[in-house]
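Colleague: Structure provided below as structure tokens; questions to follow.
The values are calculated or read from the model by the stated rules, or taken from the named source; none is laboratory data. Note that the coordinates shown come from a computational prediction; the quantities given were computed from them, not determined experimentally. So basically every Cβ, Gly included, is an ideal-geometry build from the backbone, and we count neighbours across all protein chains shown.
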Amino acid sequence: MAEAEAESTAGVQPRATGLRSTRQRRAVLEVLGRCPEFISAQELHALLADSGSTVGLTTVYRTLRELDRAGLVDVVRDEGGERLYLRRPTDEHRHYLICRCCGRSRPVDAEAVERWAAGLAELTGFAELEHTLELSGVCADCRQAEATAPCRQAPPLLAAESGTQDGLG
Ligand SMILES: [Zn+2]
Ligand SMILES: [Zn+2]
């Protein structure tokens, strides 16, 4: 088989990944396209049900993974480690800063990261390097709101997990 040859010129075109254009995938993409912010598979499943679709949760999970591989969605993880999805507005891979209070996101310029990652590929000889960058904070709106009422954040789990801070009290 001369398949390897064809592979090497395939690049990262979404279409080259052999995604089947099923009804479910279209439904998932359509609902995802209407979401302005990152949502979880479960939230997406609920939205699909609302719009009269019968796509099951397992299919939603699988479809989202396929879309991720095809480069059609951006993925971040929330504090609990759950994957959240956003339909990619452009062809480009992007990074986002997410507010831990309200969940709103904004794309950020991560050119330095991309350059570093590309250099790493050259340096190590690794191919198909992938990276995930988790950036979260408290947005300006929430900071303002916090002045009057505390935000619904501060997951104690997170503090317990990452928090063996030596010395610092
Ligand atoms: Zn916020
Ligand atoms: Zn990147």
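Colleague: Mind checking whether some residue in the stretch 27-43 is touching an Asp or Glu at 6+ places or on another chain (Cβ under 7 Å) and outside any helix (DSSP H, G or I)?
Modeller: yes
Colleague: Additional query: Would it be correct to say that Ser53 is surrounded by 14 or more Cβ atoms within 10 Å (Cβ to Cβ), within 16 Å of ligand 1 (Cβ to nearest atom), at pLDDT below 90 and among the polar types (S, T, N, Q)?
Modeller: no
Colleague: What about Ala70, is it away from ligand 1 (no atom under 16 Å from the Cβ) and in contact with a Pro (Cβ under 9 Å, 6 or more places away or on another chain)?
Modeller: Yes; evaluated as a whole, the condition is true for this residue.
Colleague: Same structure again: For Asp91, are the conditions met, namely being within 16 Å of ligand 1 (Cβ to nearest atom) and acidic (Asp, Glu)?
Modeller: Here the answer is no, as Asp91 does not meet what is asked.
Colleague: Hey, among Val60, Val73, which residue is more than 16 Å from ligand 2 (Cβ to nearest atom), at pLDDT 90 or above and buried (at least 17 other Cβ atoms within 10 Å of the Cβ)?
Modeller: Step by step, each of Val60, Val73 is checked, and only Val60 is more than 16 Å from ligand 2 (Cβ to nearest atom), at pLDDT 90 or above and buried (at least 17 other Cβ atoms within 10 Å of the Cβ).
Colleague: So, in the stretch 45-60, how many residues would count as being within 10 Å of Val28 (Cβ to Cβ) and not aliphatic (A, V, I, L, M)?
Modeller: Adding up the residues that qualify gives 3.
Colleague: Also, quick follow-up: Restricted to the stretch 96-145, and to residues that are of a type in the set (Phe, Trp, Tyr) and either over 21 Å from Asp68 (Cα atoms) or within 11 Å of ligand 2 (Cβ to nearest atom) (or both), which residue is surrounded by the fewest Cβ atoms within 10 Å (Cβ to Cβ)?
Modeller: Trp116
Colleague: Can you list residue pairs whose Cβ atoms sit under 7 Å apart, with the first residue in the stretch 92-105 being closer than 13 Å to Leu135 by Cβ and the second being of a type in the set (A, V, I, L, M) and away from ligand 2 (no atom under 16 Å from the Cβ)? Count only pairs 6 or more apart in sequence or on different chains.
Modeller: Listed by first residue and then by second, the contacts come to Cys99/Val138; Arg100/Val138.
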